[in-house]
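Enquirer: One structure coming up, written as structure tokens, with questions to follow.
Only the coordinates and a few stated rules stand behind these numbers; no lab work does. Because the structure is a prediction, the values reported are computed rather than measured. So basically every Cβ, Gly included, is an ideal-geometry build from the backbone, and we count neighbours across all protein chains shown.
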Amino acid sequence: MTAEAAEAVEMRAALVRLRRGTGLPVAFGGLTPTAGQVRIAELSGAATHALRGLAVSAGNGLGGKALSLARACAVTDYQDSRHISHEYDAAVAAEGLRSVLAVPVVVRHRVRGVLYGALRAAQPLGDRVLTAAVMAARDVEHALVVRDEARTLLAAASAPEAGSGAAWEEVREVHGALRALAPKIVDPALRAELLAVCGRLASASAPAPQSGRAPLVSAARSGAAPVVLAPREVDVLACVATGATNAAAAERLGLRPETVKGYLRAAMRKLGAHTRGEAVVGARRAGLLP
């Protein structure tokens, strides 16, 4: 699935959540293909295709106002409103919309899209409706942040040359970040790519330390019986390997500290370890951590 297709899926899901949360019968929206413009690509509850493909420029219409101001805007009667310009009246009228709200999707201080909700009657849209619409936009923002972070980490994972201790520590940091991020990814193709990179990083050989000792070798390469850990047990060990406490690991993974402690105990038991440090070393020897 391409990035554009995954973002379209996320936008469609957000529009369904917007309609469900606000009770508005119509929702539509799109992301920004170019700076200062939103293209309406997804419709939910629409009776026509009048709005599909509409390119909304910053400052024009209600969505352009939200795009320009980077804040939610609403009108009770679109065609008669004196607070917006009217470049898109024909498309709005063709769909029969009257009361409309527009909420920007803002990621790292840049508007990445706009979500709309609408009624086919001229009725005021209250605070509850606006709050629910904003929450739907926040869901899209979170998904975009996660995808951006995933792309950054994937790039970092392919960049380091494991020729020094510092570079290898960077590999371990990236591995831990990818393990923590993967469960938050909605797109199954991107999640699988992250986990595949984690596997490649974990199976790589660490460089020999300066003391001259041999690098750790995985159980698979040494011929020993492989150790099998649950995905969340590996996630916890990846956090522990970076020096994170149980509380810090819990926050990073979105788990309760007691749950992290349970996963850690289970991993230690499977690895035959008595301490957190022994568990990390054992996981590295088993090829589960870089």
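Enquirer: About its Cα centre, how strong a charge dipole does the chain have in debye, to the nearest 20, once Lys and Arg get +1 and Asp and Glu get -1 at the Cβ?
Expert: That gives a dipole near 800 debye.
Enquirer: OK, next. Extension gain residue 248-residue 48, at 0.36 nm per residue separation less the Cα-Cα distance, in nm?
Expert: So the extension gain works out to 67.0 nm.
Enquirer: Taking only Cα atoms, what is the 0 to 90° angle, nearest 10, from helix 165-181's long axis to the longest principal axis of the chain?
Expert: Helix 165-181 sits at roughly 50 degrees to that axis.
Enquirer: If you don't mind, there's one more thing I want to ask. Given R₀ = 30 Å, what would the calculated FRET efficiency be for residue 142 paired with residue 35, taking r from the Cβ atoms and rounding to 0.05?
Expert: 0.85
Enquirer: Helix 188-203 versus the longest principal axis of the chain: what is the Cα-based angle in degrees, 0 to 90, to the nearest 10?
Expert: So the inclination is approximately 20 degrees.
Enquirer: So how much slack lies between residue 90 and residue 230, counting 0.36 nm per residue of separation and subtracting their Cα-Cα distance, in nm?
Expert: 44.8 nm
Enquirer: What spacing in nm lies between the two simple spin-label points modelled at residue 68 and residue 203, each 7 Å away from Cα in the Cβ direction?
Expert: A separation of 5.5 nm, rounded to one decimal place.
Enquirer: Further, regarding this structure: Hey, what angle do you get for helix 3-22 against the long axis of the chain, alpha-carbon based, 0 to 90 degrees rounded to 10?
Expert: Roughly 60 degrees between the two axes.
Enquirer: Here's another thing I want to ask about it. Would you mind checking which residues have amide H under 5 Å from residue 107's amide H? H placed 1.01 Å from N; only 5 or more apart, or other chain.
Expert: Close amide H contacts, sequence-distant or interchain: 112.
Enquirer: Rounded to whole Å and sorted largest first, list the principal axis extents of the Cα atoms in segment 3-144.
Expert: If we take the Cα atoms of segment 3-144, the spans are 37, 28, 27 Å.
Enquirer: Follow-up. Once every DSSP H run of n ≥ 4 in the chain is given -39500 (n - 2.57) and the sum is divided by its residues, what mean residue ellipticity at 222 nm do you get, rounded to the nearest 500 deg cm²/dmol?
Expert: One gets -16500 deg cm²/dmol as the mean residue ellipticity at 222 nm.
Enquirer: Still on this structure, I have one more. Please compute, over every Cα-Cα pair in the chain, the percentage with a separation greater than 24 angstrom.
Expert: Cα-Cα pairs of the chain separated by over 24 Å account for 59 percent.
Enquirer: Right, next: Multiply the residue separation of residue 120 and residue 196 by 0.36 nm, subtract the distance between their alpha-carbon atoms, and state the gained length in nm to one decimal.
Expert: Here the answer is 22.6 nm.
Enquirer: Between residue 189 and residue 128, what is the label-point separation in nm under the 7 Å Cα-to-beta-carbon projection?
Expert: Modelled inter-label distance: 4.0 nm.
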